[in-house]
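One structure is given here, and the rest of the page talks about it.
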Amino acid sequence: MPEIRQNPATKAWVIIATERASRPEEFGAIAEEEEEKIQLDQCPFCTGNEKMTPGEIFAFRTYGTKPDTPGWWVRIIPNKYPALVHDGDVHRGRIEEFFRHMDGVGEHEVIIESPDHNKTIATMDQKQVEEIFFAYRERYRALSNNPKHELIILFKNHKKEAGTSIVHPHSQIVATPVTPMHIRHRIEEAMRYFDDNGECVYCMMINKELQAAERVILETDNFIVFVPFAATSPFETWLLPKKHGSSLEEITAVLTKELAFVMRNTLMKIHKGLNDPAYNFVVMSSPCHEKNVEYYHWQIQIIPRVARVAGFELGSGIYINTVIPEHAAKYLKDVII
């Protein structure tokens with residue numbers, strides 16, 4: 001019989017379609033649409049093509065090399081087609097005393113993760129992945145200290161099916177002047193749980209997942225990776241720090257290295273076990289003006305794009321997952337890397 005589960009942190013309901021369930025290994029055979037090929041001399045993110053992009057904001061590069069020249073191993077630039085722009089006013093106005101509006105103020109940056117056109121986090125060496133996560137931390141901190149910014153969203157789209165238009169490995173970071181309702185809803189649910197129980201719902205979730213042990217994919221001294229009890233899609237994966245913290249910017253240098261190790265290994269399992277699927281990941285942190293709060297817990301959510309959203313999901317807001325979370329977790333846990 002199908003089962004309807006609820007995520008205790010988000011209160012979202014999910015249908016686990018046991019009668020339509022697919023075996024986890026079946027997803028590894030899905031044929032991916034071939035990525036559009038591009039000549040390396042035409043790729044704006046490849047080394048040697050720095051003049052094809054806006055001027056760099058930040059980079060890890062060889063000592064003595066100049067900005068916007070070769071010699072970098074992680075490079076951050078403004079998005080050429082930004083969703084939000086630096087200049088403007090965060091004042092909120094009204095049109096016809098009803099419609100609320102404001103300037104599209106914020107920042108939209110691209111983190112070029114490597115000079116190598118064909119590598120991904122799953123296939124890079126550990127040192128390179130560490131450098132990427134140090135760059136994440138650097139820009140997250142810088143953007144969150146701007147008083148115009150309310151929320152920082154750090155995300156990666158891997159492959160065309162996940163929304164990317166350039167194959168070269170990159171991720172993005174966007175600072176917004178508002179906190180969207182679905183983020184506010186998650187925070188309010190976390191606050192409600194804390195008010196009722198005196199503890200963080202995510203910390204409780206970590207404890208329960210460790211006790212159950214049937215959805216845990218990977219665990220280190222300071223991090224845990226698991227398929228949520230109410231995963232909204234096949235192989236949805238959450239990564240959380242075991243010690244409570246509400247924002248990525250609080251992470252230390254030592255923990256940044258460990259985080260890079262955990263993310264690399266998790267993505268390697270997904271890469272190998274699911275035949276290098278398209279995926280998105282997003283870092284979820286508390287708003288910039290709600291730092292060091294005891295009711296919210298930062299996390300990284302990874303969504304492999306191995307299933308499609310259809311009319312029922314769009315109409316009801318209830319997702320149908322055809323892979324039982326416990327089976328998905330065991331499958332990924334058993335992938336040898």
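Values in this text are rule-based calculations from the coordinates and carry no lab data. Just so we're clear, the structure is a prediction, and the values are computed from it rather than from any experiment. Cβ coordinates were reconstructed from backbone atoms using ideal geometry, including for glycine residues, and neighbour counts include every protein chain displayed.
Below is a table of values for the structure above.
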quantity	calculated
Among Val309, Val174, Val74: highest mean-square fluctuation, GNM of the chain, C-alpha pairs under 10 Å	Val309
Karplus-derived 3J(HN,Hα), 6.51/-1.76/1.60, for each residue of region 238-250, Hz, glycine and proline x	10, 10, 9, x, 5, 7, 4, x, 9, 8, 4, 5, 7
DSSP bridge pairs, the chain: antiparallel proportion in percent, nearest 5	90
Which of Ile337, Ile302, Ile152, Ile187 has the fewest Cβ neighbours within 10 Å, and the rest in rising order	Ile337, Ile187, Ile302, Ile152
Compactness of the chain as Cα Rg over 2.2 N^0.38 Å, two decimals	1.01
Loop-resident sites, region 188-278, for GluC sites (Glu not before Pro), counting at most 16 other Cβ within 10 Å (DSSP)	Glu199, Glu214
Alpha-carbon centroids, region 162-178 and region 284-305: separation in whole Å	18
Solitary cysteines of the chain, where the nearest other Cys Cβ is not under 4.7 Å	Cys288
Cα-based reach from Lys80 at 12 Å (exclusive), listing aspartates and glutamates while leaving out same-chain residues under 8 positions away	Glu56, Glu107, Glu109
Those residues of region 111-134 whose amide nitrogen sits under 16 Å from the label point placed on Thr62, 7 Å along Cα→Cβ	115-116
Links that overshoot a 26 Å alpha carbon limit, given the list Lys51/Lys291; Lys159/Lys272; Lys208/Lys333; Lys159/Lys243; Lys242/Lys333	Lys51/Lys291; Lys159/Lys243
Selected from Gly315, Gly71, Gly88 as most flexible by GNM, with the chain as the system and alpha-carbon contacts under 10 Å	Gly315
Cut-off of 10 Å, at most 13 other beta carbons, DSSP loop: longest stretch of the chain lacking such chymotrypsin sites (Phe, Trp or Tyr not before Pro)	99-337
Calculated [θ] (222 nm, deg cm²/dmol) that DSSP helices of n ≥ 4 give over the chain, each run adding -39,500 (n - 2.57)	-8000 deg cm²/dmol
Net charge of neighbours whose Cβ lies under 11 Å from the Cβ of Gly106, counting Lys and Arg as +1 and Asp and Glu as -1	-4
Built amide H within the under 5 Å cut-off of His168, gap 5+	none
Extended-chain gain in nm, criterion 0.36 nm per residue less alpha-carbon gap, Asn197 and Lys80	37.5 nm
Extension gain, Cys43 back to Met181 (0.36 nm per residue minus Cα-Cα distance, nm)	46.0 nm
